[in-house]
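Inspection log for the structure reproduced underneath, given as structure tokens.
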Amino acid sequence: MPNRKTPELVCPAGTPAALRAAVDAGADSIYCGFQDETNARNFPGLNFTPEELAAGIGYAHARGARVLVAINTFSRAGAAGTWHGAVDTAAALGADAVILADIGLLDYAATRHPELRRHLSVQAAAANADAIRFYSEAFGVKRVVLPRVLTVSEIAAINREISCETEVFVFGGLCVMAEGRCSLSSYATGKSPNMNGVCSPASHVHYREEGGELVSRLGEFTMDRVPKHHPAPYPTLCKGCFTAGAYRGHVFEDPVSLDAATLIPQLLAAGVSAFKIEGRQRSRSYIRDVVTSFRRAVDAHASGLPIPAGTLQRLSEGQTTTAGAYRKTWR
Amino acid sequence: MSDAPAFPAVPVMLRLFLTPLPLPLLGLVLQRLAESVARRRPQLFARLGAHGGKAFLIDPTDVPFVFRLSPRSDGPTIEPLRRRDQGAWDARIAGPLGALLAMVHGEVDGDALFFSRDIVIEGDTEAVLALRNALDDAELDLLAEAAAVLGPAGDRMESLARRLTPLASRLTGLALTRRDGS
């Protein structure tokens with residue numbers, strides 16, 4: 001039986017219950033954040049108090065899993081203490097790594113907590129070997145989460161030129177913008193994932209039934225209208241349905257989710273070390289189902305068995321999945 | 001296009017049984033349940049934060065009444081109401097009872113239910129998210145919570161009910177208890 005290289009399966013958790021579900025379903029690592037603007041999923045009712053994180057780390061470590069703490073927003077001028085405090089707390093609680101994007105915060109973590117492993121967040125949008133080498137050499141970054149805009153061959157080319165690990169998204173919400181630099185949410189709502197930890201915040205989202213259609217709005221902007229029985233969209237600007245000249249449709253991006261399960265062999269051949277599942281904002285039911293499915297897929301590939309067919313479309317935005325940029329057919 | 005609804009409506013016989021239920025009596029039972037949950041699970045209410053002061057209309061579209069819930073940490077209230085008397089609310093969550101119970105018991109994902117149009121949300125989206133996340137983290141089992149209201153006698157009731165729920169769930173199509181081990 002083949003015994004191929006097994007990648008690390010990095011899974012999301014927005015709550016302590018979701019963390020336990022991820023561990024129990026076979027996650028190698030779980031990433032999560034604090035209940036504030038220091039992480040890019042600063043949603044209502046979500047995330048961890050320091051006490052909850054301590055308990056979560058204890059639960060994960062007792063079962064051989066690791067906990068990575070996302071502190072991946074950019075600190076506000078005059079308020080860096082909040083971000084520094086988050087790094088200090090993660091280190092004190094025994095987190096296995098912090099996931100950072102802000103250069104100042106990377107420097108703080110490297111200087112104050114050199115023993116704490118540093119990963120580069122996708123929010124840093126490091127999309128070429130030169131940028132990655134800089135983060136690796138300047139701040140001792142051990143792993144880079146690659147942006148979701150690269151093809152498999154581009155990922156392979158990057159891995160040939162760098163010495164640190166790479167992690168890629170394999171399932172979940174698909175952002176094809178230059179992450180950390182996208183201002184669409186700021187334009188519509190004044191809040192962004194980069195500074196506030198929220199893209200298209202729920203506080204600005206409204207749904208209404210109008211004339212048999214479900215109308216979704218973000219702030220003052222109508223994002224989409226869908227007839228009965230069609231999948232409901234979440235009104236992010238990049239996935240809105242707009243009229244441009246004679247064209248009416250999803251101008252930037254379709255409301256679909258990433259599913260790269262079938263690309264596991266190619267991504268491993270490209271030198272990827274870790275597979276990341278998106279969805280800290282999702283329920284423990286989603287976590288359980290998606291982690292179980294990818295655990296099976298990764299283990300099947302490691303044993304030389306065919307990867308089981310995907311069954312996760314029902315969990316996806318738009319009820320549709322795509323291989324995203326990994327199989328890019330557009331420019 | 002979505003397939004046929006994943007959550008069939010509650011059986012007609014059950015709906016006929018529920019229709020004449022005296023709402024004040026049902027309200028008393030539910031209020032005791034809400035107060036017991038607040039005592040047993042303060043972290044659920046802490047997770048709601050300021051959204052706990054809002055009024056949520058829980059609308060199981062296939063039963064003859066709705067519930068107005070105010071999950072305040074210092075005194076939650078829940079009132080069953082006829083649909084025509086629902087009054088004011090900040091956020092409304094509507095869908096088949098089966099979908100709502102499955103979400104509370106962690107059987108299904110709330111976002112997926114929304115994407116598939118099995119549930120509808122209106123009003124304060126942020127409050128709905130907070131409630132969904134707080135409930136999901138609480139890992140509620142409504143049968144266990146109901147038994148807790150009865151005190152020591154609840155253990156025997158729960159034990160008996162757990163033997164009957166698999167059959168009742170099969171007959172009604174409802175997730176009457178939490179089945180995941182997460």
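The figures follow:
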{"item": "Sole residue being under 27 Å from A:A17 (Cα atoms), modelled with pLDDT under 95, open to solvent by 10 Å² or more (accessible area, probe 1.4 Å) and of a type in the set (S, T, Y), chosen from A:T329, A:T321", "result": "A:T321"}
{"item": "Qualifying residue in the range A:230-248 (condition: farther than 19 Å from A:D28 by Cα, more than 23 Å from the chain's Cα centre (by Cα) and of a type in the set (V, I, T))", "result": "yes"}
{"item": "Helices (runs of 4 or more DSSP H) completely within the range B:96-182 that count 1 or more residues being surrounded by 20 or more Cβ atoms within 10 Å (Cβ to Cβ) and within 7 Å of chain A (Cβ to nearest Cβ)", "result": "B:110-115, B:125-138"}
{"item": "Answer from A:P233, A:P193, A:P201 - the residue that is in contact with a Cys (Cβ under 7 Å, 6 or more places away or on another chain) and more than 18 Å from A:A323 (Cβ to Cβ)", "result": "A:P193"}
{"item": "Residue that is surrounded by the fewest Cβ atoms within 10 Å (Cβ to Cβ), among those in the range A:182-202 that are free of Cβ contacts under 8 Å to residues at least 40 places away in the same chain and outside any loop (DSSP other than H, G, I, E, B)", "result": "A:S186"}
{"item": "Matching residues, the range B:56-70, being over 25 Å from B:P11 (Cβ atoms) and open to solvent by 40 Å² or more (accessible area, probe 1.4 Å)", "result": "B:R68"}
{"item": "Answer from A:G33, A:G26 - the residue that is open to solvent by 10 Å² or more (accessible area, probe 1.4 Å) and within 14 Å of chain B (Cβ to nearest Cβ)", "result": "A:G26"}
{"item": "Matching option when the condition is modelled with pLDDT under 90 and within 19 Å of the chain's Cα centre (by Cα), among A:V198, A:V272", "result": "A:V198"}
{"item": "When residues of the range A:260-293 are limited to those that are away from chain B (no Cβ under 14 Å) and either assigned to a strand (DSSP E or B) or in contact with an Asp or Glu (Cβ under 6 Å, 6 or more places away or on another chain) (or both), the one nearest to A:C164 (Cα to Cα)", "result": "A:S273"}
{"item": "Subset of the range A:208-239 (residues that are closer than 19 Å to A:G173 by Cα and open to solvent by less than 40 Å² (accessible area, probe 1.4 Å))", "result": "A:S216, A:L218, A:M223, A:D224, A:P231, A:A232, A:P233, A:P235, A:T236, A:L237, A:C238, A:K239"}
{"item": "Count of residues meeting criterion [within 16 Å of B:F114 (Cβ to Cβ), touching a residue at least 24 places away in the same chain (Cβ under 8 Å) and away from every other protein chain (no Cβ under 12 Å)] in the range A:203-223", "result": "0"}
{"item": "Subset of the range A:23-45 (residues that are more than 15 Å from A:E278 (Cα to Cα) and in contact (Cβ under 8 Å) with a residue 40 or more places away in the chain)", "result": "A:V23, A:D24, A:A25, A:G26, A:F34, A:D36, A:E37, A:T38, A:P44"}
{"item": "Filter result for A:R20 (within 14 Å of another protein chain (Cβ to nearest Cβ), open to solvent by 10 Å² or more (accessible area, probe 1.4 Å) and not β-branched (V, I, T))", "result": "yes"}
{"item": "Subset of the range B:71-95 [open to solvent by 20 Å² or more (accessible area, probe 1.4 Å) and touching a Pro at 6+ places or on another chain (Cβ under 9 Å)]", "result": "B:S73, B:T77, B:I78, B:R82, B:R83"}
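To keep it simple, each residue is scored yes or no on (1) open to solvent by 50 Å² or more (accessible area, probe 1.4 Å); (2) of a type in the set (K, R); (3) out of contact with any helix residue (DSSP H, G or I) (no Cβ under 6 Å at 6 or more places or on another chain); (4) not assigned by TED's automatic domain parsing to the domain that holds A:S75.
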| position | (1), (2), (3), (4) |
| --- | --- |
| A:A125 | no, no, yes, no |
| A:E154 | yes, no, yes, no |
| A:I158 | no, no, no, no |
| A:H206 | yes, no, yes, yes |
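To keep it simple, each residue is scored yes or no on (1) farther than 25 Å from A:M177 by Cβ; (2) surrounded by fewer than 23 Cβ atoms within 10 Å (Cβ to Cβ); (3) in the same structural domain as A:A260 (by TED's automatic domain parsing).
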site	(1), (2), (3)
A:E37	no, yes, yes
A:S75	no, yes, yes
A:G81	yes, yes, yes
A:A86	no, no, yes
A:D102	no, yes, yes
A:R117	yes, yes, yes
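The values are calculated or read from the model by the stated rules, or taken from the named source; none is laboratory data. None of these values were measured; they are calculated from a predicted model. Glycine gets a Cβ as well: all are built from the backbone with ideal geometry, and neighbour counts include every protein chain shown. We work out accessible area using only protein heavy atoms, side chains counted, and drop any ligands, DNA or RNA first. Shrake-Rupley method; radii C 1.70, N 1.55, O 1.52, S 1.80 Å.
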